[in-house]
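Before any comments, here is the structure.
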Amino acid sequence: NTSDSPVAVETLDDVPEHVLRGLPEEVRLFPSAVDKTRLGVWATKSILKGKKFGPFVGDKKKRSQV
């Protein structure tokens with residue numbers, strides 16, 4: 001299905017400020033490797049397994065809900 005309408009590309013302006021403030025220093029938002037119209041979460045250095053960061057802001061969802 002081809003469309004003449006332009007595809008909206010997600011930018012950092014679309015990300016709520018509290019999300020940007022809450023990112024750990026080793027995590028950045030860049031264009032997704034899977035979908036170039038969306039932002040993806042990228043690590044700028046290795047993150048140890050089990051590392052926790054936060055605080056979590058938002059609604060918790062079950063895997064089946066996302």
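Taking trypsin sites (Lys or Arg not before Pro) that fall in a DSSP loop and have at most 14 other Cβ atoms within 10 Å as cut points, what is the longest piece of the chain between them?
Values: sites that count: K36, R38, K45, K49, K51, K52, K60, K61, K62.
In the chain, the maximal stretch lacking such sites is 1-35.
Between V9 and K45, what is 0.36 nm times their sequence separation minus the Cα-Cα distance? Round to one decimal in nm. If you can, show how the numbers build up before the last one.
On the way: separation 36, 0.36 × 36 = 12.96 nm, distance 2.61 nm.
Extra length from V9 to K45 when fully extended: 10.4 nm.
Please list 3J(HN,Hα) in residue order for segment 8-16, calculated via the Karplus relation 6.51 cos²θ - 1.76 cosθ + 1.60 where θ = phi - 60°; whole Hz, with x for glycine and proline.
Those phi angles translate into 6, 10, 5, 10, 4, 5, 7, 8, x Hz.
If R₀ is 22 angstrom, what is the calculated FRET efficiency for the pair K36 and V66, using the beta carbon separation as r and rounding to 0.05?
Values: r = 21 Å, r/R0 = 0.95.
According to the calculation, E is roughly 0.55.
With a ≥ b ≥ c the root eigenvalues of the C-alpha gyration tensor of segment 18-59, is it rounded (a/c under 1.5), prolate (a/b larger than b/c) or oblate?
Working: a/c = 2.06, a/b = 1.27, b/c = 1.62.
Judged from the Cα gyration tensor, segment 18-59 comes out oblate (a/c at least 1.5, b/c at or above a/b).
Could you pull out every residue, at least 5 positions away or on a different chain, whose amide H is within less than 5 Å of the one on V27? Hs are placed 1.01 Å off N in the peptide plane, and Pro or chain starts have none.
Result for V27 returns T44.
Just the number, please: carbon plus sulfur as a percent of the accessible area of the chain, 1.4 Å probe, no ligands or DNA/RNA counted. Spell out each step's value before the answer.
Details: 3400 of 6300 Å².
Summing carbon and sulfur atoms, their accessible area is 54 percent of the total for the chain.
Before I look further, what does the chain give for accessible area per residue, probe 1.4 Å, in whole square angstrom?
Details: 6300 Å² over 66 residues.
Per-residue accessible area for the chain comes out at 96 Å².
The values are calculated or read from the model by the stated rules, or taken from the named source; none is laboratory data. What you see is a predicted model; the values in this text were computed from it and never measured. Neighbour counts are summed over all protein chains in view; Cβ atoms, including those assigned to glycine, are modelled from backbone coordinates with ideal geometry. The accessibility values were calculated without ligands, DNA or RNA, using every heavy atom of the protein model including side chains. Shrake-Rupley method; radii C 1.70, N 1.55, O 1.52, S 1.80 Å.
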